[in-house]
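Working notes, structure below.
Just so it is clear, none of the values below were taken in a lab; they were calculated from the coordinates. Every value quoted in this text rests on a predicted model; they were computed, and no experiment measured them. Note that we place each Cβ from the backbone using ideal geometry, even for glycine, and neighbour counts take in every protein chain shown.
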């Protein structure tokens, strides 16, 4: 059996984990919108958001494929792609299991790449007059986050300290110019 060729190329293979879903029975257009919605998030946060979409507490903002998307409060055109979110959540659980198997911490991982592609188009069974099924291939890559998130208060205090240092440097420079 031939080895799978990944669409995303990463340099450091030790700090990433991957999962692939082949011919998943979801719409490629909805998969693209959901993937753009959760790309760059922490894995745990993405799981919570997808669970909220499944429970219809939060809508996915549709930016590219807005045909027929109703207005949702606070986001504009949005939908609840439940079937798509269930499959992507299943793949996120798989990639988290792959990360823990490699010895990585899944709660400290960030979704680096989500690549939805067109899957095989098979015919519906029976007399449906030449209708094809919607299928998509999904590839998920997560990577360990290098930077530690600091709270807003810490960032503000660090910014104030840096500003005070700049002010003192400017005062010293003015005093030297006067001499």
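For the reader, a short list of remarks on this structure follows.
- Counted by neighbouring Cβ atoms within 10 Å, the residues 176, 33 run from fewest to most as 176, 33.
- Distance between modelled label sites at residue 75 and residue 164, nm, 7 Å Cα→Cβ extension: 4.3 nm
- Summarised in one figure, the compactness ratio Rg/Rh of region 2-120, Cα atoms and Kirkwood Rh, is 0.98.
- Going by neighbour counts of Cβ atoms within 10 Å, the residues 54, 167 line up, fewest first, as 167, 54.
- In degrees, nearest ten, helix 152-178 long axis to first principal axis of the chain (Cα): 40 degrees
- Rounded to 10°, Cα long-axis angle of helix 82-101 versus longest principal axis of the chain: 60 degrees
- Its relative contact order, with pairs defined as Cα atoms under 8 Å and 6+ residues apart, puts the chain at 31 percent.
- Acute angle (nearest 10 degrees) that the helix 28-38 long axis makes with the longest principal axis of the chain, alpha-carbon atoms: 20 degrees
- Footprinting exposure proxy for 27, 107 (fewest neighbouring C-beta atoms within 10 Å first): 107, 27
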